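Structure, as structure tokens:
The values are calculated or read from the model by the stated rules, or taken from the named source; none is laboratory data. As the structure is a prediction and not an experimental result, all values here were calculated from the model. Neighbour counts run over all protein chains shown; Cβ positions are idealised from the backbone, glycine included. Heavy atoms of the whole protein, side chains included, go into the accessibility calculation; ligands, DNA and RNA do not. Shrake-Rupley method; radii C 1.70, N 1.55, O 1.52, S 1.80 Å.
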Amino acid sequence: MRHFLSRLVLAAALVAAAPVQAQNLFQPVVYVNDAAITRYEVQQRQRFMQILGAPGTTEAEAQEALIEDRLRNHAARQLGIVPTEEGLQNGLEEFAGRAGLSAAEFTAALEGAGVEPQAYRDFVSAGLVWRSVIRDRVVPGIRVSDAEVDQELRRVVETPILSRVLISELIIPAPPGQEQQAMDLARRIAGANLSSDEFEAAARQYSAADSAQAGGRLAWVNIDNLPPSLRPVITALQPGQTSQPLTVEGAVVLFHLRDSQGTLRPGASEQVVDYATLRLPTAADAATLAARTRTCDDLYVQAGPQAAPQVQRQTVPQGAIPALIGQRLASLDPDEAGVVDYGNGADLVMLCSRQPALVADMADVPTTALRDDGVEAAVPDPNALPTRDAVREEIFNRKANAAAESYLAELRAGAVIRRP
């Protein structure tokens, strides 16, 4: 909460130092479907966004945020969605609670920084009605299949767990009154897709850190040694990528990932294979049948009523597959068939699917128990996979967010947005 309140004090100082605008504050600067946005609203939103942790927010960005809110409110009115006073108050309390404050305390702190209560109410209200719009308009059409969950789990299993990273830093000073210039510079650097060498040159030129002379280069650092708030920022980067600007007190910071090291979780390389075989008189017979078979289920059809009962389909660990068949399966893609020739007969071999054994054997979150007292003490396993329900929810939320952005873009395309 101290950090949050310090931002309010800083915002108040910025407001006090800002030059007085000669323009009419209540003059409309843009219309969205005939709903006006005034210069005063833009200034209020700009200050509000600065307090929320974006000190470099420009008037154009604040105006864009208000345009999107007008579009959200327009969509809500079309569906007859109107926030109740009780719902709005709950929303105000929920948002303020993120800073450890009540709505009244949060409102008072905002007023001290030059932001009127109505700006706060408008911000929360737009978010509340948009949630309802998405729930009514977007969510019913979202589906997450078991195949998507399996695919995401396979991706998690096959992604190495990062243990160490090699990063470079660039710290741009942002003394009071110069926050905007620092943020603009950081955004230009972050948006330039700089190579590692180019980032080092920028660090030598702009960074105020001790590492500037070395191009911002830092030694290998263990992921566990990074501050918890920084870990997701770094782990989301691929080698050669630069983070988005991060604001800290008195500075704007960029990180560039040069390299990373990690290991697969235990058991990640083990597979469970679903495959089918059919013994045939000759390799030529097997090759002919393989050529016309498209899927494992189709194999029963193409084999014909007499041979179909002889098809052997099984799902087993990779180590339990006979060597010759396992070797042939290793080169096949799902629903692809091959032949194992024994001389006096042949097997048609068809791969139905393969997946990591960790996914196939998934159970509940692993726990450990102290046997001497019989009380189970759940201990998080750093190598544990997320549950299927957690993965399904993550995919659902990802789809919902993408659909919401798409719908907002659709609303914008159909809106009449004009400037006087």
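For region 410-417, the criterion of a residue being assigned to a helix (DSSP H, G or I), free of Cβ contacts under 8 Å to residues at least 60 places away in the same chain and surrounded by 12 or more Cβ atoms within 10 Å (Cβ to Cβ) is satisfied by at least one position. Pairs under 8 Å by beta carbon, first residue at negative phi and assigned by the TED database to the domain that holds Tyr342 in region 275-286, partner among the small types (Gly, Ala, Ser) and in a strand (DSSP E or B), six or more apart or different chains? Pairs that qualify, where the first residue is at negative phi and assigned by the TED database to the domain that holds Tyr342 and the partner is among the small types (Gly, Ala, Ser) and in a strand (DSSP E or B), are Arg279/Ala346; Leu280/Ala346; Pro281/Ala346; Thr282/Ala346; Ala283/Ala346; Asp285/Ala346; Ala286/Ala346. The set of residues in region 86-121 that are of a type in the set (Asp, Glu) and closer than 20 Å to Arg135 by Cβ comprises Glu86, Glu94. Do the conditions hold for Arg135, that is, is it at pLDDT 90 or above, within 22 Å of the chain's Cα centre (by Cα) and not aromatic (Phe, Trp, Tyr)? When the stated conditions are applied, Arg135 passes them. Determine, yes or no, whether Ser125 is surrounded by fewer than 18 Cβ atoms within 10 Å (Cβ to Cβ) and of a type in the set (Ser, Thr, Tyr). When the stated conditions are applied, Ser125 does not pass them. A residue that is among the aliphatic types (A, V, I, L, M), more than 30 Å from Ser163 (Cβ to Cβ), at pLDDT 90 or above and surrounded by fewer than 13 Cβ atoms within 10 Å (Cβ to Cβ) cannot be found anywhere in region 274-282. Selection of helices (runs of 4 or more DSSP H) fully inside region 172-256 by the criterion of at least 3 residues being outside the structural domain of Ile51 (by the TED database), under 30 Å from Ile161 (Cβ atoms) and open to solvent by 50 Å² or more (accessible area, probe 1.4 Å) returns 231-235.
The set of residues in region 288-333 that are open to solvent by less than 60 Å² (accessible area, probe 1.4 Å), in a helix (DSSP H, G or I) and free of Cβ contacts under 8 Å to residues at least 60 places away in the same chain comprises Leu289, Cys296, Asp298, Leu299, Gln302, Ala303, Gly304, Ala307, Ala308, Ile325, Gly326, Leu329. The set of residues in region 74-108 being open to solvent by 50 Å² or more (accessible area, probe 1.4 Å), in contact (Cβ under 8 Å) with a residue 24 or more places away in the chain and over 19 Å from Gln118 (Cα atoms) consists of Leu79, Gly100. Within region 154-167, how many residues turn out to be out of contact with any Lys or Arg (no Cβ under 6 Å at 6 or more places or on another chain), open to solvent by less than 50 Å² (accessible area, probe 1.4 Å) and modelled with pLDDT of 85 or more? Residues in region 154-167 being out of contact with any Lys or Arg (no Cβ under 6 Å at 6 or more places or on another chain), open to solvent by less than 50 Å² (accessible area, probe 1.4 Å) and modelled with pLDDT of 85 or more: 2 in total. Checked against the criterion of being part of a helix (DSSP H, G or I) and not aromatic (Phe, Trp, Tyr), the candidates Gly114, Gly127, Gly80 yield just one match: Gly127.
When we screen Thr242, Thr235 for residues that are more than 13 Å from Glu169 (Cα to Cα) and of a type in the set (Val, Ile, Thr), the only hit is Thr235. Only a single item in (1) outside any loop (DSSP other than H, G, I, E, B); (2) closer than 30 Å to Leu166 by Cα is not met by Arg265, and it is number (1).
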